[in-house]
Amino acid sequence: MEDLIILYNLLLHTLLFHSAVAVAVAVSVASLFGEIYPPRSFRRLPKTLFLTLTLNLQWTVMSEMTSRTADILRVSSHREVYEPCDDSFALVDALLADQTNLINHDPKVCMEIGCGSGYVITSLILLLKEKLPNVHYIATDTNQIAARVTNETLQAHGVSAEVVCTDIASCLEKRLAGLVDVMVVNPPYVPTPEYEVGMEGIASAWAGGENGRSVIDRVLPVVDRLLSEKGWFYLVTLTSNYPSEICLGMRKRGYASRIVVQRSTEEENLIILKFWRDKDEEGVDKETSSESFVKQFSRSLSSFMEKQWR
Amino acid sequence: MRLITHNMLSCNIKGVTNGFPLKIEAEKVVEKEVDFNPDFLRHMFAKIEWKALVEAARSMGYAELPEDSPDATVIESADETFLRKLHHALLELHLEEGALVCPETGRKFPVNKGIPNMLLHEDEVKQTVCIDLRKGNEPTRIRSPKDRVLMQDVCIDLSLQVP
């Protein structure tokens with residue numbers, strides 16, 4: 001009986017390693033079985049010990065795997081700072097999906113504009129630091145409290161980045177021009193009335209003005225100036241932001257683009273875009289060849305399902 | 001705030017032509033140890049403004065850096081004494097509390113808990129203009145986001161900025 005329990009737990013943990021809830025359930029189930037079938041003799045004792053050890057090992061392995069991104073429990077928070085939400089997770093998922101490409105890309109300077117709680121920049125650092133320990137990270141935010149919270153989150157994860165409180169990147173543009181290799185932006189994209197844009201406090205984290213494009217339109221030229229020749233740019237948008245228009249505008253500046261992640265939640269249809277300079281032919285080849293069959297299949301399946309829903 | 005960041009910051013107030021480098025008024029400097037990485041230093045060395053770094057390090061209480069920028073041979077050599085000094089100045093000195101002063105206007109940007117606050121007041125921000133096609137390509141000032149929305153159809157390139 002105990003063997004079956006051990007096997008069941010191992011299987012459960014292996015299949016559901018992303019779900020902390022599933023592990024908690026598995027642990028409680030295992031302990032329940034442990035109570036119902038207590039070790040009656042010394043013969044049973046090693047098996048129960050083995051059971052506990054296995055569970056501990058699985059728990060450690062699981063935490064090791066999930067430390068690829070920032071731990072949501074260790075992300076600092078404040079009432080005036082935007083907490084990680086679906087858009088933050090989608091962006092980090094996009095970076096995760098592109099992890100191998102990013103490592104092969106060998107960036108020297110990575111930047112995030114609008115770091116908020118620090119979840120995304122911390123995840124980026126954790127993604128890259130093992131294979132690329134020599135990267136310089138910069139994070140900016142207009143909200144002073146957000147800058148402070150980002151610092152706290154970085155410290156809680158034992159990593160560091162340069163945090164500057166500034167509007168988009170106004171004080172860094174001159175000196176950093178053409179130096180940034182990876183740019184990550186989760187802008188205020190919610191369509192709101194124009195007067196709400198740039199207001200003090202947490203509202204500035206989502207208020208995007210007409211079509212949610214006020215801040216995005218200001219960020220794009222800055223990113224164009226800061227990105228290096230081989231620079232990559234990840235942007236979070238909604239379908240309401242007319243991402244195809246954004247892509248067209250960037251095309252005129254010489255950027256190719258593709259959708260890395262598309263996610264529909266109850267409230268939002270998120271599209272994570274990736275831009276790179278088109279003159280770099282090598283970059284284009286890297287983009288297309290690294291798409292695995294599974295990824296392409298799952299993407300076509302999800303777009304098929306979406307069409308079915310409509 | 002480390003000196004590697006200070007070397008990248010400039011004052012962006014409208015009308016200022018020479019806002020780099022910012023002078024440092026150090027109130028609290030902390031030394032935090034960082035792993036020595038010669039490859040990273042060699043890569044970043046090309047982008048650093050040397051005089052600005054030496055001056056800044058001095059304001060933070062570190063005077064070990066040579067006045068003149070060393071040439072490539074010193075950087076590429078196996079001798080790490082210079083790289084260690086560069087490493088210490090660039091990455092291990094943190095300005096926790098103090099201010100950064102614009103060399104042209106004297107405006108102070110405070111540094112609190114290691115984060116420089118470079119936010120400009122409204123009157124310091126550059127004006128955004130667009131080229132108004134109705135008025136024969138005349139630059140028209142955009143005063144508010146509402147202006148921008150109204151001008152969208154008659155102007156081209158809504159991201160021009162003038163001092």
Quiz prompt | Under the Karplus curve 6.51 cos²θ - 1.76 cosθ + 1.60, θ = phi - 60°, whole-Hz ³J(HN,Hα) for the range A:215-226, x wherever Gly or Pro sits | solution = 6, 4, 5, 7, 6, 4, x, 5, 4, 4, 6, 7
Quiz item: In terms of modelled amide H atoms, which long-range or inter-chain residues lie less than 5 Å from the amide H of A:Ala139?
Solution: A:Glu112, A:Glu162, A:Val163, A:Val164
Exercise. Any chance you could get the radius of gyration and Dmax over the Cα atoms of the range A:110-189, in Å?
Key: 11.8, 33
Practice problem: Treat each spin label as a single point 7 Å out from the Cα along the C-beta direction, and report the B:Glu64 to A:Glu266 distance in nm. | Solution: 5.8
Quiz item: FRET efficiency for A:Asp278 and A:Lys131, Cβ-Cβ distance as r, R0 = 22 Å, nearest 0.05?
Solution: 0.25
Self-check item: Equivalent ellipsoid semi-axes, the range B:3-120, via Cα gyration tensor eigenvalues times 5, rooted, Å
Solution: 26, 16, 11
Exercise. Between beta-carbons, use under 14 Å as the cut-off and find the net charge around B:Glu33, counting Lys and Arg +1, Asp and Glu -1.
Key: 0
Quiz item: What is the fewest-to-most order of B:Cys102, A:Cys85 by other Cβ atoms lying within 10 Å of their Cβ?
Solution: A:Cys85, B:Cys102
Exercise. Stick to the Cα atoms of the range A:103-155, pair each with every other, and give me the Kirkwood hydrodynamic radius in Å at one decimal.
Key: 11.3
Exercise. Could you work out how far apart the two model spin labels at A:Lys174 and B:Ala46 are, taking each label as a point 7 Å from the Cα in the direction of the beta carbon, and quote it in nm?
Key: 2.3
Practice problem: Hey, could you get me the Stokes-Einstein D for the range A:79-232, Kirkwood radius over alpha-carbon pairs, 37 °C and 0.692 mPa s, rounded to whole µm² s⁻¹? | Solution: 211
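We did not get these values from a lab; they are worked out from the coordinates using the rules stated. Since the model is a prediction, treat every value here as computed from it, not as a measurement. Virtual Cβ from ideal backbone geometry, glycine too; neighbours counted across all protein chains shown.
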